[in-house]
1. Applying the selection to the range B:99-131, what residues are farther than 22 Å from residue B:182 by Cα and in contact (Cβ under 8 Å) with a residue 40 or more places away in the chain?
2. Suppose we filter the range B:54-76 for residues that are among the β-branched types (Val, Ile, Thr) and open to solvent by 50 Å² or more (accessible area, probe 1.4 Å); how many remain?
3. Given the conditions (1) within 32 Å of the chain's Cα centre (by Cα); (2) modelled with pLDDT of 90 or more; (3) among the small types (Gly, Ala, Ser), and given that residue B:297 satisfies all but one, which numbered condition is not satisfied?
4. Residues that are modelled with pLDDT of 90 or more and either open to solvent by 90 Å² or more (accessible area, probe 1.4 Å) or within 30 Å of residue A:147 (Cβ to Cβ) (or both): list the helices (runs of 4 or more DSSP H) wholly contained in the range A:30-129 that include at least 3 such residues.
5. Against the condition among the aliphatic types (A, V, I, L, M), out of contact with any His (no Cβ under 7 Å at 6 or more places or on another chain) and away from every other protein chain (no Cβ under 14 Å), how does residue B:60 come out, does it pass?
6. Please count how many residues of the range B:299-313 are of a type in the set (A, V, I, L, M) and surrounded by fewer than 14 Cβ atoms within 10 Å (Cβ to Cβ).
7. If residue B:152 satisfies every condition in (1) within 11 Å of chain A (Cβ to nearest Cβ); (2) out of contact with any helix residue (DSSP H, G or I) (no Cβ under 7 Å at 6 or more places or on another chain); (3) surrounded by fewer than 22 Cβ atoms within 10 Å (Cβ to Cβ); (4) not in a helix (DSSP H, G or I) but one, which is the exception?
Amino acid sequence: MKKVAFWPWLWVVLGGLYFLLPLYATLDFSLRAKRGVLGLTAYASVLHNPKFVQTFAFSLRMAVFTIVVSILLMVPTVYWVHLRVPRLRPMVEFVTLLPFVVPAIVHVFGLIKTYSQPPLVLVVSPALLVGAYVVLSFPYMYRAIDTGLRALDVRTLTEAAQSLGAGWGTILFRVILPNLRVALLSGAFLTFSIVMGELTLALYLAWPAFGPFMYQIGQNRAYEPAALAIISLALTWLSIGLIQLFGRGHAGQAQIAGAK
Amino acid sequence: MAFLELADVRKVFNQSVAVEHFTMGIEPGEFVSFLGPSGCGKTTTLRMVAGFERPTSGTISVGGVDITHRPANRRNIGMVFQSYALFPNMTVAENIGFGLKLKHVDSKSIAQRVSHLLEVINLPDKGGRYPAQLSGGQQQRVALARALAIEPQVLLLDEPLSALDAKIRVSLRNEIRAIQRQFGITTIYVTHDQEEALSLSDRIVVMSNGRVEQIGTPLQIYTYPQTTFVASFVGTLNVLRAKVIDPAAGRITVDDQPVMVARSLAQHRAGDMINVALRPEVIGLDGAPGTINQLQGVVEQVTFLGGTIRTQMRFASNSLFFDMFNTPNGKLPQTGQTLTVTFPEASCLLIDGPVGTSATV
């Protein structure tokens with residue numbers, strides 16, 4: 001009988017406890033809004049707060065716009081880099097990593113300074129927030145699309161479509177995009193998670209988003225922030241679950257035949 | 001004027017010449033192969049015809065119309081790629097009908113055409129499958145059907161069989177040729193496999209270092225190679241160093257042994273050194289009556305190859321090999337034995353290029 005290794009499993013259990021105990025503590029705390037009773041009072045309080053729906057809906061709209069703009073911007077760009085200028089790939093990769101390098105606070109003050117005076121007064125427009133979110137989503141969206149395109153023989157597929165009479169629009173929307181479905185969904189769900197929880201940009205650009213709402217609740221309530229943290233976490237996990245679900249592809253794309 | 005004309009086509013990539021002064025005409029329905037090693041410019045030439053590369057100079061025309069600067073998607077030239085390049089998100093039927101859909105052909109006609117092509121490629125029941133559910137050979141047949149669906153003026157095949165195993169390669173190449181004949185479509189086939197080129201083509205263009213070495217029928221290319229490169233690349237050949245004795249009479253010597261060639265040596269003078277090539281299959285042990293050419297040498301090595309026996313012989317400075325059938329009662333040459341080989345004077349090929357040492361290529 002195979003001997004179960006003790007030490008590796010000990011580290012796995014310790015690591016698991018390190019991550020799961022705080023989550024459990026938060027969940028437990030969120031359920032104790034009424035003294036001595038486990039219940040969903042804090043959740044009910046949060047969900048009945050009109051600002052919850054309002055801010056959630058706002059962030060949801062921002063997330064959808066961000067995803068659409070990101071896809072429209074990134075897919076043609078990354079596709080073109082793959083097809084025509086692959087030597088620029090390291091540079092593009094570096095640019096997409098800048099949101100990790102430039103702190104959000106610096107980013108937002110830069111935006112306010114630049115777009116609060118003529119000729120472009122955009123601080124009053126949600127377009128600026130979407131633009132900022134698009135930049136924030138660069139690392140996730142770029143990597144998802146890049147990975148998707150690497151899995152395709154982009155050049156040959158493009159040439160095959162061209163030889164059949166397809167123009168650039170047809171190639172992009174009927175050949176490349178459908179084959180990036182899984183990659184785009186991954187990028188989209190990651191972007192969705194980021195936007196739904198984002199605080200700094202929305203707070204300083206003064207938009208009623210879900211992130212600032214969570215922050216405000218945390219300032220003057222005890223149990224509701226814990227409930228919100230669990231709701232937010234559930235949303236993130238739901239996104240990851242959906243990535244996993246759609247990431248499997250459909251049965252038709254599995255290799256089932258051998259050489260004939 | 002030929003149907004497909006390439007006139008003095010040249011392509012330079014970053015100061016490196018990929019194709020140099022490529023000129024040829026291809027007739028309607030002709031099957032032409034571009035044959036050569038990697039980097040010889042054959043694929044670049046094909047890509048220029050397809051419209052994926054623009055010639056640095058020269059013109060390409062189809063049916064008398066200059067298409068040199070026409071984008072690939074407006075050339076109506078079908079292409080089959082080595083990697084199949086089927087669209088993974090579409091079924092086999094959708095792949096085949098893709099080009100027709102772009103031409104706004106009505107869906108009923110598309111369905112009919114797709115169904116017909118599926119019959120042609122012998123995959124009538126695979127229309128609903130996705131490319132990943134097919135084998136390599138089946139995918140390449142679908143790629144061929146997809147290219148043929150748009151009824152292209154010219155069909156281009158870029159090493160379509162390279163990714164397949166040997167057995168499928170042979171059967172599929174015969175299918176490709178049969179379908180090409182059936183549709184009567186002008187075809188250019190790029191390959192580095194001489195057997196493929198020899199067995200499929202009406203004409204072969206042998207290329208090396210971006211230049212055309214020789215254009216001819218398979219028989220001409222194999223039997224009468226015009227350059228050392230063609231001789232070396234197509235088939236195997238013994239290249240012998242010889243001395244011209246009497247140019248008018250076609251008399252030469254190979255290591256001081258007299259040999260007659262049935263070709264003009266008028267451009268040479270007595271005493272010149274030339275290259276004479278012999279295909280291994282023209283060399284025998286028993287000369288036919290009247291065979292003038294005989295060379296005596298020492299057997300260096302005898303190799304058993306199953307159906308044939310390969311014998312390597314050495315003369316004073318030259319060497320050659322020849323193959324003989326492995327017959328049950330046949331007497332095999334022995335290593336170290338002195339042997340006389342014979343060959344007809346008409347089988348001696350004169351090869352251009354610098355006179356080198358004796359070689360088997």
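1. Across the range B:99-131, the qualifying residues are B:103, B:130, B:131.
2. Matching residues across the range B:54-76 total 3.
3. Among (1) within 32 Å of the chain's Cα centre (by Cα); (2) modelled with pLDDT of 90 or more; (3) among the small types (Gly, Ala, Ser), the lone unmet condition for residue B:297 is (1).
4. Output list reads A:50-83, A:89-101, A:104-115.
5. Yes.
6. Matching residues across the range B:299-313 total 1.
7. (3)
Table: residues versus (1) at the interface with chain A (Cβ under 10 Å from one of its Cβ atoms); (2) crowded, with 19+ Cβ neighbours inside 10 Å; (3) at pLDDT 95 or above.
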position	(1), (2), (3)
B:89	yes, yes, no
B:95	yes, yes, yes
B:100	yes, yes, yes
B:107	no, no, no
B:120	no, no, no
B:132	yes, no, no
B:135	yes, no, no
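The values are calculated or read from the model by the stated rules, or taken from the named source; none is laboratory data. From a predicted model like this one, the values you see are computed outputs, not experimental measurements. For neighbour counting, all protein chains shown are included, and Cβ atoms are generated from backbone atoms with ideal geometry for every residue, glycine included. The area values use the complete protein model at the heavy-atom level, side chains included, leaving out ligands, DNA and RNA. Shrake-Rupley method; radii C 1.70, N 1.55, O 1.52, S 1.80 Å.
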